[in-house]
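J.: Okay, handing you the structure first.
The values are calculated or read from the model by the stated rules, or taken from the named source; none is laboratory data. Predicted model only: the values in this text are computed from it and were never measured. When we count neighbours, we look across all protein chains shown, and the Cβ atoms used for this are built from the backbone with ideal geometry, even at glycine.
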Amino acid sequence: MMMLGRLLTLVLRSPQRGRLEERSRRSGVARWTVLRDASPLVPLLWTRAWGQKLASLGFKLALFAALAGPALAVQPDEVMKDPALEARARSLSAELRCLVCQNQSIDDSDAPLARDIRLFIRERIGQGESNDAVRAYLVSRYGDFILLKPPFKPETLLLWLSPVLVLGVGAAAALFAHRRAPRATPRLSAEEEARLAALTNGDASSG
Amino acid sequence: MIVEIGHFALVLALAAALAQTVAPFWGARVGDGGLMDVGRNAALIQLMLIAIAFAALVNAHLTSDFSVLNVAENANSMMPTIYKISGVWGNHEGSMLLWVLILSIFGALVALFGRALPRELRADALAVQGLISFAFLAFILLTSNPFERLAPAPFEGRDLNPILQDPGLAIHPPVLYLGYVGFSIVYSFAAAALIEGRIDAAWARFVRPFTLVAWSFLTIGIAAGSFWAYYTLGWGGFWFWDPVENASLMPWLAGTAFLHSVAVMEKRDALKVWTIFLAILAFSFSLLGTFLVRSGVLTSVHAFANDPRRGVFILAILAMFICGSFVLFAWRAPMLKQGGLFAPVSREGALVVNNLLLTTACATVLFGTLYPLALEQLTGEKITVGAPFFNLTCGALMLTACFAAPFGFSLAWKRGDLLGVVQRLAFAIIVGAVTAVVGAAWLRGGSIFAPLAMGLGVFVIIGTLIEVVMRAWRPGLAAGMALKRALGLPLSFFGGALAHLGVGVTLLGLSGLGFGAETIATLHKGVPAEVGPYSITLDSVGERVGPNYKETVASVTVRSGDAVVAKIEPARRQFASREMSTTQAGLATLNFGQVYVSIADPTGDGAVPARLYWKPLVTLIWLGGAAMALGGALSLADRRLRFGAAVRAKAGARSLAQPAQ
């Protein structure tokens, strides 16, 4: 019941969200221009609170990133010279969420912010930092929200265990149903066995 | 005027739906045949009325009648005719109208072909179907009226979202809805069976064709959507674990499980409660998908403009149908009589395993989709559950299910011989394992997923073929006799085999991902860029004008060594009406793989930044999906499942018997 209430508030709360999205849709271009102008500074100014605020306000900007993006996701000028380092950067950026998009990795996203983070990753990797260090830095800045694969911690325990739990409960239910089902027909008595043998033997010899 | 007729027809359809709900239900309770038959007529009338409403909306879009709000917001007089038509369902209101149209088509099918069914069961099923129809018609009329007028009418419409101006939109949503909504019949029959407190093989036999239709369409719809995303979004991805994709995957998983368990029920009269549960689940997930897409609780690249009033309304519908059916289930299911004993190692047992894995996968997708939402509400903490999570959890479950598939397909009913099956499949197991090892060696420490999927795909394909051959042929049997035996096998067997082959083929396609190549480069005229085994050269860059867009086209030649293998033209389209541009990827299919080129806007000196991909085997992903759907269609053609076959046979027998009396 509590969940339902919360879900209702969520739905009811969304007029504001809807209006903002509507506004950003109408003025989508202008909004992006602002973001794009600020983009060199964004990784520095972008705090966790900011990220959450913007992410909750304008998820539908994702649509713009996907539709109206002027460029491709990873652009030729971003690519690092060393293919091994570039491969590391690519694998790391596939794990990170584009903060202003809906469900896209920064590797796939056209959003300017995603590009900034891609460039940032390459800069740090170029300076010799490990992938883990870069990832840890980004998490400290943007929170777990940036990780497409949620970390294993108390809050996500239920999420990560859900497949195992569901499978376990299902298997237990199947086992229970099997146990409860009436036993198979009792074994044949010795007399019946003999009769069966006689019948099948007769069958074999005649056939 | 035509628009008002459409609106009026929709209101009348609401009344027809109400009649379809109340009369047959009451008739079934008091045993009044006349009242029960009202349901049949009401269903047909409702279809006619909704068809009129839909035709009116199509007409408004075709004639670009911008005095209708829906047309003004989602169409443009310059659009090609095909997009004017597909634009009808390229928006929230129109797509809801298509939803109820398909719902009423399925209702009418029950009304027309359900004569072989017990009268009460048919009446109850039509009543439940009518109630679903009523709820959604009320939803459309109260919150999302597509016939709303706009005064004064603008001279030009806002245009359809450019990304939707694609043949993909003409196919993907209607086919997907045929699948989603098709499960409503299954749901209605499950509810009717629970109300009646009785369920048997005849029930399963009648529900199975509808399940096959719904499932096949859902399969095609998902595959078509995935292919559309692949060529239109510009980075060659075909599945993003987007909430809305998940919303279509969940009914598919539940539906696949149901399809398997209803087969058990039809053949062996077992797993009744479980089958009913899955029937409810499949449609509940369809409803949940509708809620997620349209309420604004989750937004995604697929989102429709949303409105909280709609969200609450759909939540109410969702709560009514899901809670209602589960309450009914909890109350009535224990009364259903169980039949059909089986040993754990048997085809039934294997299908239970299949069901467990598929429903767990389904639950995992559900958890992954809603968990961030719930966590944010409860603790305020934001997390992301993205592709890596789903690939790991859901991927592992699905691969396990695929591994089990050939075993289940080869096991006998009631009591199977696992050792014998392993012996029979030994060849497939060995070839699959060798493929996986060779693949892993080839990749030298790349992802383990690709070789595993490839080995599994080979195993599933060969394993299924072995079973098909073994059904008809034993060593020593003459070829002519084997052919005769093969022709005697039911079509549904071949349908099942084809669907399993499709699974194997899709697995092969997925495994190709690990063997591909990608190059990000700026293409200069005449300078080749390498991607995988091919070299790609930019020949020229030009401009073209389409009906409502301008496009920049790069002409590109694909060469293998010195031989030209393909010429492709990736493009960027600019749509003036919405100041948007879209990417049109250039694709060249070579064997079963594709060379995929997508470009960005050219730089000043005529060079083009581009992403080049070589995706081996990628087309197999969708070909496998097509094979699965075709398998469903083949099963549907099986004689046993033809509507009313039993009735006709009986009538024939009677007419033969009569002269003798």
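J.: For segment B:101-113, check the following and say yes or no: at least one residue is among the hydroxyl-bearing types (Ser, Thr, Tyr), assigned by TED's automatic domain parsing to the domain that holds residue B:186, at pLDDT 90 or above and assigned to a helix (DSSP H, G or I).
T.: Among the residues of segment B:101-113, at least one is among the hydroxyl-bearing types (Ser, Thr, Tyr), assigned by TED's automatic domain parsing to the domain that holds residue B:186, at pLDDT 90 or above and assigned to a helix (DSSP H, G or I), which makes the answer yes.
Residue-by-condition table, conditions (1) of a type in the set (A, V, I, L, M); (2) closer than 26 Å to residue B:16 by Cβ; (3) part of a helix (DSSP H, G or I):
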site	(1), (2), (3)
B:130	no, yes, yes
B:134	no, yes, yes
B:137	yes, yes, yes
B:147	no, yes, no
B:187	no, yes, yes
B:190	yes, yes, yes
B:194	yes, yes, yes
B:199	yes, no, no
B:205	no, no, yes
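J.: What number of residues in segment B:555-574 are charged (D, E, K, R) and in a strand (DSSP E or B)?
T.: The first filter runs over segment B:555-574 and keeps only residues charged (D, E, K, R), leaving B:559, B:562, B:567, B:569, B:572-573.
Then keep just the ones that are in a strand (DSSP E or B); that gives B:559, B:567, B:572-573.
Qualifying residue count, segment B:555-574: 4.
J.: Hey, among B:452, B:538, B:487, which residue is surrounded by 15 or more Cβ atoms within 10 Å (Cβ to Cβ) and more than 30 Å from residue B:570 (Cβ to Cβ)?
T.: Numbers: B:538 fails: more than 30 Å from residue B:570 (Cβ to Cβ); B:487 fails: surrounded by 15 or more Cβ atoms within 10 Å (Cβ to Cβ).
After applying the criteria, what remains is B:452.
J.: Hey, another quick one. Inspect segment B:510-520 for any residue being farther than 30 Å from residue B:461 by Cα and either away from every other protein chain (no Cβ under 14 Å) or of a type outside the set (Asp, Glu) (or both) and give the result as yes or no. Talk me through it step by step, then tell me what you get.
T.: Pass one, segment B:510-520, residues farther than 30 Å from residue B:461 by Cα: B:519-520.
Subsequent filtering for residues that are either away from every other protein chain (no Cβ under 14 Å) or of a type outside the set (Asp, Glu) (or both) retains B:519-520.
The answer is yes, given that some residue of segment B:510-520 is farther than 30 Å from residue B:461 by Cα and either away from every other protein chain (no Cβ under 14 Å) or of a type outside the set (Asp, Glu) (or both).
J.: Here is a list of conditions, (1) more than 9 Å from chain B (Cβ to nearest Cβ); (2) at pLDDT below 85; (3) over 26 Å from residue B:578 (Cβ atoms), and residue A:127 meets all of them except one; can you say which number that is?
T.: The single condition residue A:127 does not satisfy is (2).
J.: Can you tell which of B:374, B:361, B:401 is assigned to a helix (DSSP H, G or I), touching a helix residue (DSSP H, G or I) at 6+ places or on another chain (Cβ under 7 Å) and either within 16 Å of residue B:265 (Cα to Cα) or at the interface with another protein chain (Cβ under 9 Å from one of its Cβ atoms) (or both)? Spell out how you get there, then give the answer.
T.: Details: B:374 fails: touching a helix residue (DSSP H, G or I) at 6+ places or on another chain (Cβ under 7 Å); B:401 fails: either within 16 Å of residue B:265 (Cα to Cα) or at the interface with another protein chain (Cβ under 9 Å from one of its Cβ atoms) (or both).
Of the residues listed, the single one that is assigned to a helix (DSSP H, G or I), touching a helix residue (DSSP H, G or I) at 6+ places or on another chain (Cβ under 7 Å) and either within 16 Å of residue B:265 (Cα to Cα) or at the interface with another protein chain (Cβ under 9 Å from one of its Cβ atoms) (or both) is B:361.
J.: Which condition does residue A:122 not pass, out of (1) over 19 Å from the mean Cα position of the chain (by Cα); (2) at pLDDT below 80; (3) within 14 Å of chain B (Cβ to nearest Cβ); (4) assigned to a helix (DSSP H, G or I), if it passes all the others?
T.: (2)
J.: Mind listing whichever residues of segment B:447-496 are in contact with a His (Cβ under 8 Å, 6 or more places away or on another chain) and polar (S, T, N, Q)?
T.: B:464
J.: Taking only segment B:533-554 into account, find how many residues are among the small types (Gly, Ala, Ser), within 35 Å of the chain's Cα centre (by Cα) and farther than 21 Å from residue A:74 by Cβ. Working first, answer last.
T.: At the first step, the residues of segment B:533-554 found to be among the small types (Gly, Ala, Ser) are B:535, B:540, B:542, B:546, B:554.
Cutting the leftovers down to within 35 Å of the chain's Cα centre (by Cα) gives us B:546, B:554.
The next check asks that each one be farther than 21 Å from residue A:74 by Cβ; those that pass are B:546.
Going through segment B:533-554 one residue at a time, the tally reaches 1.
Results for (1) at pLDDT 90 or above; (2) more than 15 Å from residue B:628 (Cα to Cα), shown as yes or no for each residue.
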| site | (1), (2) |
| --- | --- |
| B:189 | yes, yes |
| B:197 | no, yes |
| B:203 | no, yes |
| B:212 | yes, no |
| B:224 | yes, no |
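J.: If residue A:171 satisfies all but one of (1) farther than 22 Å from residue A:95 by Cα; (2) more than 9 Å from chain B (Cβ to nearest Cβ); (3) of a type in the set (Gly, Ala, Ser), what's the number of the condition it fails?
T.: (2)
J.: Also: Could you check residue A:124 against (1) in contact with a Ser or Thr (Cβ under 6 Å, 6 or more places away or on another chain); (2) under 17 Å from residue A:78 (Cβ atoms) and say which number it fails?
T.: (1)
J.: If you go through segment B:377-397, how many residues are more than 7 Å from chain A (Cβ to nearest Cβ) and surrounded by fewer than 20 Cβ atoms within 10 Å (Cβ to Cβ)? Break it down stepwise before answering.
T.: We begin by selecting, within segment B:377-397, every residue more than 7 Å from chain A (Cβ to nearest Cβ); these are B:378, B:380, B:390-392, B:394-396.
If we keep only those that are surrounded by fewer than 20 Cβ atoms within 10 Å (Cβ to Cβ) as well, we get B:378, B:380, B:391-392, B:395-396.
Total satisfying the criteria: 6.
J.: Among the listed residues A:179, A:141, identify the single one that is more than 9 Å from every other protein chain (Cβ to nearest Cβ) and in contact (Cβ under 8 Å) with a residue 24 or more places away in the chain. Steps first, please.
T.: Numbers: A:179 fails: in contact (Cβ under 8 Å) with a residue 24 or more places away in the chain.
None of the others qualify; the one that does is A:141.
J.: Could you tell me whether any residue of segment B:631-653 is crowded, with 23+ Cβ neighbours inside 10 Å, among the hydrophobic types (A, V, I, L, M, F, W, C) and modelled with pLDDT of 80 or more? Steps first, answer last, please.
T.: Of segment B:631-653, the ones crowded, with 23+ Cβ neighbours inside 10 Å are B:631-632, B:635.
Right, trim to among the hydrophobic types (A, V, I, L, M, F, W, C) and you get none.
Within segment B:631-653, not a single residue is crowded, with 23+ Cβ neighbours inside 10 Å, among the hydrophobic types (A, V, I, L, M, F, W, C) and modelled with pLDDT of 80 or more.
J.: Out of B:575, B:592, which single residue is farther than 30 Å from residue B:502 by Cβ, aromatic (Phe, Trp, Tyr) and under 33 Å from the mean Cα position of the chain (by Cα)? It would help to see each step written out before you state the result.
T.: On the way: B:592 fails: farther than 30 Å from residue B:502 by Cβ.
After ruling out the rest, the residue left standing is B:575.
J.: Could you figure out which of (1) farther than 30 Å from residue B:160 by Cα; (2) under 35 Å from the mean Cα position of the chain (by Cα); (3) without any contact (Cβ under 8 Å) to a residue 40 or more places away in the chain isn't true of residue B:530?
T.: Only one criterion is unmet by residue B:530, namely (2).
Conditions (1) more than 25 Å from the chain's Cα centre (by Cα); (2) modelled with pLDDT of 90 or more; (3) polar (S, T, N, Q); (4) surrounded by 11 or more Cβ atoms within 10 Å (Cβ to Cβ), marked per residue:
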| position | (1), (2), (3), (4) |
| --- | --- |
| A:135 | no, yes, no, yes |
| A:142 | no, no, no, yes |
| A:154 | no, no, no, no |
| A:160 | no, yes, no, yes |
| A:165 | no, yes, no, yes |
| A:169 | no, yes, no, yes |
| A:174 | yes, no, no, yes |
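J.: Only one of (1) over 25 Å from residue B:277 (Cα atoms); (2) assigned by TED's automatic domain parsing to the domain that holds residue B:238 is not met by residue B:432, so which one is it?
T.: Residue B:432 satisfies every listed condition except (2).
J.: Let me ask another. Of the conditions (1) touching a residue at least 60 places away in the same chain (Cβ under 8 Å); (2) part of a helix (DSSP H, G or I); (3) surrounded by fewer than 20 Cβ atoms within 10 Å (Cβ to Cβ), residue B:510 clears all except one; give me its number.
T.: (3)
J.: Another question, if that's okay. In this structure, does residue B:409 turn out to be of a type in the set (Phe, Trp, Tyr), touching a residue at least 12 places away in the same chain (Cβ under 8 Å) and facing chain A (nearest Cβ under 7 Å)?
T.: Working: of a type in the set (Phe, Trp, Tyr): yes; touching a residue at least 12 places away in the same chain (Cβ under 8 Å): yes; facing chain A (nearest Cβ under 7 Å): no.
No; evaluated as a whole, the condition is false for this residue.
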